[in-house]
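Visitor: Take this structure, written in structure tokens, and hold onto it; I'll ask about it next.
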Amino acid sequence: MREYGVDPCPQCGGTKIGRGKQSGYGTISPYGRLGFGTALIHLICTDCGWILGSYVENPGSFRKTVVK
Ligand SMILES: [Zn+2]
């Protein structure tokens, strides 16, 4: 069964994917706009620890930095 719409872990085939939140000094800020950091969420295989993907919690704050 898939969780969060992600594929099974490419390393071990595990399907138990957890989410980790990277905040504090690990936030990502829109380019040129320090101080508006948003937390980074990681999708993590709970069997082997492989990170399957990451995304920011507030993607809308990056719209003014679009380059393409
Ligand atoms: Zn794994």
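The values are calculated or read from the model by the stated rules, or taken from the named source; none is laboratory data. As the structure is a prediction and not an experimental result, all values here were calculated from the model. For neighbour counting, all protein chains shown are included, and Cβ atoms are generated from backbone atoms with ideal geometry for every residue, glycine included. Remember, those area values only see protein heavy atoms, side chains included, never the ligands or the DNA or RNA. Shrake-Rupley method; radii C 1.70, N 1.55, O 1.52, S 1.80 Å.
Visitor: Quick one: would you say residue 43 is open to solvent by 50 Å² or more (accessible area, probe 1.4 Å) and either modelled with pLDDT of 95 or more or not charged (D, E, K, R) (or both)?
Guide: no
Visitor: Go through the range 19-68 and report how many residues are within 16 Å of the ligand (Cβ to nearest atom) and within 11 Å of the chain's Cα centre (by Cα).
Guide: 9
Visitor: Can I ask one more? Anything in the range 6-40 that is touching a helix residue (DSSP H, G or I) at 6+ places or on another chain (Cβ under 8 Å) and open to solvent by 40 Å² or more (accessible area, probe 1.4 Å)? List them, or say none.
Guide: 31, 32, 33, 36
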